[in-house]
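The values are calculated or read from the model by the stated rules, or taken from the named source; none is laboratory data. None of these values were measured; they are calculated from a predicted model. Glycine gets a Cβ as well: all are built from the backbone with ideal geometry, and neighbour counts include every protein chain shown.
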Amino acid sequence: MPTLLMRLRAPMMSWGDHSRFTIRDTRREPTKSAVIGLLCAALGRSRSESVADLAALTMGVRVNKEGIVQCDYHTVLDAIRSSGKDGDTVVSHRYYIADADYLVGLEGSDRPLLETLDRALQNPVWQVYFGRKSFLPSAPIRVGIDDRPLGEALRDCERYPLKPTKKAPQQLRLAIEVPDSNDVRRDVPLNWERRHFGSRCVATEFFSIV
């Protein structure tokens, strides 16, 4: 089946999947909900519209460059309580990934859908970002459509060169959606308005660079 490929590169990115209240986490690679949200922005698809067609695609991530987990401390003075009264100072911990580089693949049998997504990435309707509105891409997202299956497309896609002063890694990490594994992630959007998410299984592997 064909695979839509995308490059996600930015100084800062955030991939939270179980954030609560004052602690906002991030995973080490993009979540499926974040990638689908990015595509919905490119398509101009509102939160009230179904994302079943996008959620049905199988996702994989190749980590071209592992980022560094960082944390911001946000302080809100006199936060307003739900009752409307003034509250105390609220401090939140917001984690993000710094200086990472990912190749994301979405595999599906509906090639016209993948072609529509590919065109949308060339000319997005709304601004696309990586987890937070201030985290903007630093490189073009669109890579194109590969006619090979997801794993093969991710392994064989051309690598982007690192800076001359950086030592190239000998292995790259792959996180690919599979039918069953012990790594279960609740990041499949079912209904944006109700914040309803389903689960998927992910297998992680490393492969040597030739």
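A few points about this structure:
- Qualifying position, being part of a loop (DSSP other than H, G, I, E, B) and closer than 19 Å to Glu66 by Cα, among Arg28, Arg47: Arg28
- Meets criteria (under 19 Å from Ala203 (Cβ atoms), assigned to a helix (DSSP H, G or I) and touching a strand residue (DSSP E or B) at 6+ places or on another chain (Cβ under 8 Å)) for Val35: yes
- Scan of the stretch 169-210 for residues that are in contact (Cβ under 8 Å) with a residue 40 or more places away in the chain, crowded, with 16+ Cβ neighbours inside 10 Å and under 25 Å from Ser50 (Cα atoms), ordered by number: Ile176, Glu177, Arg185, Asp187, Val188, Pro189, Trp192, Phe197, Arg200
- Considering residues of the stretch 21-30 that are surrounded by 19 or more Cβ atoms within 10 Å (Cβ to Cβ) and among the charged types (D, E, K, R) only, the residue nearest to the chain's Cα centre (by Cα): Glu29
- Residues of the stretch 11-20 satisfying the condition of being surrounded by fewer than 22 Cβ atoms within 10 Å (Cβ to Cβ) and in contact (Cβ under 8 Å) with a residue 24 or more places away in the chain: Pro11, Met12, Gly16, Asp17, His18
- Cβ separations smaller than 9 Å between residues 6+ apart or across chains give the following pairs from the stretch 138-153 residues that are without any contact (Cβ under 8 Å) to a residue 12 or more places away in the chain to residues that are outside any loop (DSSP other than H, G, I, E, B) and polar (S, T, N, Q): Glu152/Thr3.
Yes/no matrix, rows are residues, columns are (1) surrounded by 22 or more Cβ atoms within 10 Å (Cβ to Cβ); (2) of a type in the set (Phe, Trp, Tyr):
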{"residue": "Lys32", "(1), (2)": "yes, no"}
{"residue": "Leu39", "(1), (2)": "yes, no"}
{"residue": "Glu49", "(1), (2)": "no, no"}
{"residue": "Ala56", "(1), (2)": "no, no"}
{"residue": "Tyr73", "(1), (2)": "no, yes"}
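- Residue that is surrounded by the fewest Cβ atoms within 10 Å (Cβ to Cβ), among those in the stretch 101-137 that are small (Gly, Ala, Ser) and at pLDDT 95 or above: Ser109
The rows are residues; the columns are (1) acidic (Asp, Glu); (2) in contact with an Asp or Glu (Cβ under 9 Å, 6 or more places away or on another chain); (3) at pLDDT 95 or above.
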site: Asp146; (1), (2), (3): yes, yes, yes
site: Glu152; (1), (2), (3): yes, yes, yes
site: Asp156; (1), (2), (3): yes, yes, no
site: Pro169; (1), (2), (3): no, yes, no
site: Asp180; (1), (2), (3): yes, no, yes
site: Asn191; (1), (2), (3): no, no, no
site: His196; (1), (2), (3): no, no, no
site: Thr204; (1), (2), (3): no, yes, yes
site: Val210; (1), (2), (3): no, no, no
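- Whichever residue in the stretch 158-167 is modelled with pLDDT of 65 or more and closer than 20 Å to Arg28 by Cα and, among such residues, is surrounded by the most Cβ atoms within 10 Å (Cβ to Cβ): Arg159
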